[in-house]
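The values are calculated or read from the model by the stated rules, or taken from the named source; none is laboratory data. Everything quoted here is computed from the prediction, not taken from an experiment. All Cβ positions, even for glycine, are placed from backbone atoms using ideal geometry, and neighbour counts span all protein chains on display. For the accessible areas, the whole protein counts, side chains as well, though only heavy atoms, and no ligand, DNA or RNA atoms are used. Shrake-Rupley method; radii C 1.70, N 1.55, O 1.52, S 1.80 Å.
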Amino acid sequence: MITDVTTTKAPVHDTKALPGILANPDDRTLLSKEHFADGGYLSVALKQQVAREHGVGLVGPIRAGSSRQSRKGTVFHREAFTIDWDKQTVSCPQGKITSRWASPPSLAPYVTASFTVADCRDCPVKSSCTRADARTLAFLPRDLYDIQSEARTEQQTQEWRSRYSLRAAIESTISEFVNGHGMRQCRYRSENKAHVQHVLTAMAVNLERIDVHLPTPQARQPRTPTALQGFLDQQRIHRPQSWRVATHPAG
């Protein structure tokens, strides 16, 4: 059953809309322990925020690394480096240690760690690691990094995939709205009026789903004949079965 409807402007990104989607059911104590979302609604920071503010576990795929090294599958992607959180250093597979650790505001909440040019210039595997003069790594702070690593490991298991298969029911609901009720087009102007359309459509979908589970109505029983009708039947005297037949022979 659909318990809440949220309408946003088209340019609003999914991750920006999710806090508002969860706020309304939370106010009405309708939140479940887990919220199944697709990759567009997920980020590591949002996963932590939702767990902290609402006590809800966001279930969905955390995107894999998108760097050149990760796409090529070489051993020199980010996970091949060892992070020492206490000393704030990173060591590479060749044993070199970073000389710089910073959290630039432009990359918040990311941390950057850089190797020196001297470390990378004569490295025998530099071509497999970086195209720049020296390798620089960007990764999440420790608490978010742990959540990211745990989520990426968990989503490779069959148990997680089986649990996430429940998302298929949500996708079928979206398909029902789009293909069965024309939700790709708004029949009204302004966000408020569009929201009314969305709510009314959700109510219609709920009624359709409730109707499926209602017991099948019994066939209508014929009315007990009157004494006169019973006498005519006993005497085998023909009589009209209803006033409609009597007054409208064509039916």
Lone unmet requirement of (1) closer than 30 Å to K33 by Cβ; (2) open to solvent by 30 Å² or more (accessible area, probe 1.4 Å); (3) in contact with a helix residue (DSSP H, G or I) (Cβ under 9 Å, 6 or more places away or on another chain); (4) at pLDDT 80 or above for R52: (3)
Pairs returned, first residue in segment 214-227 that is more than 22 Å from R239 (Cα to Cα), second residue that is surrounded by 10 or more Cβ atoms within 10 Å (Cβ to Cβ) and among the hydroxyl-bearing types (S, T, Y), beta-carbon separation under 6 angstrom, 6 or more apart or interchain, are none
Flag for V196 being modelled with pLDDT under 85 and either assigned to a helix (DSSP H, G or I) or surrounded by fewer than 12 Cβ atoms within 10 Å (Cβ to Cβ) (or both): no
Those residues of segment 125-138 which are open to solvent by less than 80 Å² (accessible area, probe 1.4 Å) and either over 20 Å from C92 (Cα atoms) or out of contact with any strand residue (DSSP E or B) (no Cβ under 6 Å at 6 or more places or on another chain) (or both), in sequence order: V125, K126, S128, C129, T130, A132, A134, R135
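Rundown of residues vs (1) touching a strand residue (DSSP E or B) at 6+ places or on another chain (Cβ under 9 Å); (2) assigned to a helix (DSSP H, G or I); (3) exposed (fewer than 13 other Cβ atoms within 10 Å of the Cβ), yes/no style:
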{"residue": "C123", "(1), (2), (3)": "no, no, no"}
{"residue": "L144", "(1), (2), (3)": "no, yes, no"}
{"residue": "Q148", "(1), (2), (3)": "yes, yes, no"}
{"residue": "I174", "(1), (2), (3)": "no, yes, yes"}
{"residue": "Q185", "(1), (2), (3)": "no, no, yes"}
{"residue": "A202", "(1), (2), (3)": "no, yes, no"}
{"residue": "E208", "(1), (2), (3)": "no, yes, yes"}
{"residue": "P217", "(1), (2), (3)": "no, no, yes"}
With the condition kept exactly as written, say whether any residue in segment 139-159 is among the charged types (D, E, K, R), over 30 Å from W85 (Cβ atoms) and out of contact with any helix residue (DSSP H, G or I) (no Cβ under 9 Å at 6 or more places or on another chain). no
Would you please name the residue that is nearest to I2 (Cα to Cα), looking only at residues in segment 155-168 that are open to solvent by less than 60 Å² (accessible area, probe 1.4 Å) and in a helix (DSSP H, G or I)? R167
Would you pick out the residues in segment 76-93 that are at pLDDT 90 or above and open to solvent by 30 Å² or more (accessible area, probe 1.4 Å)? T82, I83, D84, W85, D86, K87, Q88, T89, S91
Please name all residue pairs, on different chains or six or more residues apart, with Cβ atoms under 9 Å, provided the first residue is in segment 197-208 and is at negative phi and touching a residue at least 60 places away in the same chain (Cβ under 8 Å) and the second residue is among the charged types (D, E, K, R) and open to solvent by 20 Å² or more (accessible area, probe 1.4 Å). A202/D4; V205/E176
Within segment 1-49, take every residue that is under 28 Å from S190 (Cβ atoms) and among the polar types (S, T, N, Q) and give me the one that is surrounded by the fewest Cβ atoms within 10 Å (Cβ to Cβ). T3
